[in-house]
Every structure is written in C-alpha cells, then in structure tokens.
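Written below as structure tokens is the structure these notes are about.
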Amino acid sequence: MTRDDRIEPRFSNPRQEPRNDESALPTESDEVSLEPIPEGAVRREDMLGRPIEDSPRGRRIAGKAAAAIAVTRNTSVLQFHQSAVALRRTAAGWLTRHERILSMLAMVGGFGFDNYAFRRIDLPNTQAVFAGYLSLAALSMIVLHRLAARAAAGKPWPKWRTILPMATQFALGGLWSAFLVFYSRTAVLGTSWPFLLVLGAILLGNEILKRYHARLVFTAVLFFFASFSYTTVTLPIFTHTIGLLTFLFGGFLALVVFWFFCGILSVVGAEQWGRAKLKIAGGVLLVYATLNAFYFTGILPPLPLAMAAGEVYHSVKRVGEVYQAVGEPQPWLTRFGAPEIVHVKPGEPLSVYSAVFAPIALSTRIVHRWQHYDTKSGRWHTVSNLAFTITGGRDGGYRAYSVTHHIVPGDWRVDVTLPDGHIIGRVRFVVEPGTPVLVPVTLK
C-alpha cells in the first residue's frame, strides 16, 4: 500500500451527538496526523508526567488518547478540566472557610472516642496506642529536622514534607486526649483543676497552634511533657508500686529517654540543634519543675489508680461475692456531682462504700478520711482516718467500706486517698436530722 492509498481516520466533532458504538474508537491500524513539535517547545507528557516521544509512534498514542476522550464524552477536554478545577476550588474553599470549626469538632469527636475506647489503662492495647503515638511523634520530628538540615545545605525540600508536622500534631493530640480521659476519671476537681486546666489548654493549643509543629523547640518541649506524663502513668503498671519513689524514677526515666532523643537530633542536624538546644533545655526544665510541683502539692492525680464508685449508705455488709447496702433515694442532680442527702437519727452510724481500680498485681494501702465542715471556723475537720490494703486487677475496682459513729448534721466528705495524702476520689454528702426512707441496694 502506498502512502496515497492509506486511509486517514475521521473524528467526530465533540459538540455533536457522540456515537456509543465501539467503532468510534481508534484501532491499532489507525494513524493520526499531528504537527511536529517545534524546536524549543515544551514536550508533551502523559498522565503520569512521562514525556511522550516526538516520533510517529508517540504522535499516534497522543492522537488516540485525544480521540477517545473526544468521542466518548459529550464535553470537550477543556470543559472537563474547567469543571474539575471549579469542583476542587469549591470543596477546598469550603474546607478552608470552616477549618477551625471542623478541627474543633474533630477534637471533640476524638476525645469522645477515646473516652469510649480506653476502658482500662493497664490493657495491652491501651499501652500499645500510647507507645505508637510517642513513636510516631518522635519519628516525624527527627525526619523533619533532617530535612531542615538538608534544606539549609541548599538541597530542595521534598513535596511530602508538609505531612510531617501533621503527623506530629496528630500523635501529640492523641496523647493529650487519652491523658485527659484517664486523668479526668480519677481527678477530684477541687484539688486537681490546675493540672486538668493545663492538659485542656495543651489539647486546644495543639489544634490552634498547628503551624508551630514545624518548629523544633515547640514540638521538643511538648514531646518531653508527653514522655513524662506517660512514664508517670505507666511505670506503676510494670513495677506494681505507686508512691514517691515510683514518681521520681518515672521522671528520671523520661529525662533519659529525652536525652537519647536529643542525641539523635544533634546527629541528623547539628547546626539547627545548636541554635535550639538552650531554648529546649529551658522548656524541659520548666515542664519538669511544674510536674514535680503538681505532685508534691497533691494536684497531680495518682494514676493509674482510679475511683470506680463511691456512695454513702446507712449500712453495708458483704454477702458472698456482692455487697448488700441500705440507702436512701437520691435526686437526679447527684448524678452530676451534687452531694447526696442522708437523714440520720441521733447516734446512728453511716457507711461509705468505695471501689478503687488498680492495675493487676498492684497492691497498696488507701485511707478513708472522714471530714466535717465547721461553719464557725470555715474549715474541714478530720473526724477519723480508716486505712486498709487493696489489690488491683478487678475490672470494677477493689471494693471496701468504712463506718463512723461520730455523725452530726452538716456538710461531710470522705476523701479516698493514698497514705501520702494524694486524693483518689471523694464522696460528698449532707447530713440532715430526720427519719430516712430506706431502700436496699446490691453492690456488685
């Protein structure tokens, strides 16, 4: 076949009614006549960004692709591209306009999910999540620091570098949310509100100050705060002890881990590390001093111990595997923190029941500290201290109760504490003279 005898393909106008049959598509024997690429012009690329060779075969491939799009769609390539760009701009614009609200909703949703998912702090999956968050934060910070060192040496930033600050923010945000869940379960608001306020502020700041996660000083100090909080919570689970020595050893362990982390940072980017190390050291010392101050003033809740239940009754006794109690019906406000109201005859005792969760194999002593509020002096006076030993492992907490006969009308509270005074939980109630309406209660 000569060149003049060759059959040239004919293309339909994309604005006309398209044909649905497969004969409209180019075949292997079809050839497309394209103008040659002038010297110095931009070369054509395929969808993967690969250059299309300037040859009969390359022009034939490009022509077939253009013909297929034009024939099978009732829209021009330009119109399709414009529609895609408009859709992208609309979605991106909506997300940008509502970014802060969506971020807050995601934070609240994440906190709610953590509160539902994290049942016990000593479970292996909970510890695996904690370790995963810390590892992800450390790895993303190290890689970002290395890329910053390469950029300072004149090498270009990779396009995917923006993922690293987002990964750091996600990991630290997950840690703050989980810490806030567990600490809020065991904290007594009257004593631990400063620490809970700090945790809540860090959780909010993690969302608001997201652009600062690309800065080494900011993320390094937050990473140490997370590491110290993690060792404080987790170390008693492995040592089966809780108290001053365990807390001090946890702080030392957090410093050692952070020292190794800083050593890696100094290797992957010595120049950037040299400029930031003094600021990081100052921030770490401030965090270390603050957490120690919270501990020694009783503000830091004694995790992993947690108050699972606490109520006041007229009598409590153990029957087999359950506790049988006699109490009074309470108003619905007591479910939201309002003190219970009990009516007591002269000389009648009261019992306070508590269930304290502790990790498996952890054994410690706890104290029921009965206190009455003196309206004349404006102070709480301790009436009695009743101590006993608990053993961890039970899902509903270790159950126990204490009884006192020194009951007078007024405001009362029973603090469930460690021997060093750290408060695990608190039972508040008001004693009024009168004849109670008693109901039996089974405590499982």
- Task: Kindly indicate which of ARG379, ARG365, ARG369 is among the charged types (D, E, K, R) and free of Cβ contacts under 8 Å to residues at least 24 places away in the same chain.
- Result: ARG379
- Task: Return the only residue of PRO329, PRO346, PRO359, PRO419 being outside any strand (DSSP E or B) and either in contact with a helix residue (DSSP H, G or I) (Cβ under 9 Å, 6 or more places away or on another chain) or open to solvent by less than 50 Å² (accessible area, probe 1.4 Å) (or both).
- Result: PRO359
- VAL403: passes all of (1) among the β-branched types (Val, Ile, Thr); (2) assigned to a strand (DSSP E or B); (3) open to solvent by less than 40 Å² (accessible area, probe 1.4 Å) but (3)
- Task: Scan (1) among the hydrophobic types (A, V, I, L, M, F, W, C); (2) at pLDDT 90 or above; (3) under 20 Å from ARG120 (Cβ atoms) for the single condition ALA361 breaks and write down its number.
- Result: (2)
- Note on the structure: Condition set assigned to a helix (DSSP H, G or I), over 18 Å from VAL233 (Cβ atoms) and open to solvent by less than 20 Å² (accessible area, probe 1.4 Å), scope region 264-297, selection modelled with the lowest pLDDT: answer is ALA276
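Give the residue, chosen from PHE249, PHE261, that is open to solvent by 70 Å² or more (accessible area, probe 1.4 Å), modelled with pLDDT of 90 or more and over 18 Å from PRO301 (Cβ atoms).
Testing whether each residue is open to solvent by 70 Å² or more (accessible area, probe 1.4 Å), modelled with pLDDT of 90 or more and over 18 Å from PRO301 (Cβ atoms) leaves just PHE249.
The values are calculated or read from the model by the stated rules, or taken from the named source; none is laboratory data. Just so it is clear, the model here is predicted, and its values are computed rather than measured. FYI the Cβ positions are ideal-geometry reconstructions off the backbone, even for glycines, and counts take in every protein chain you see. In case anyone asks, the SASA skips ligands and DNA or RNA and just uses the protein heavy atoms, side chains included. Shrake-Rupley method; radii C 1.70, N 1.55, O 1.52, S 1.80 Å.
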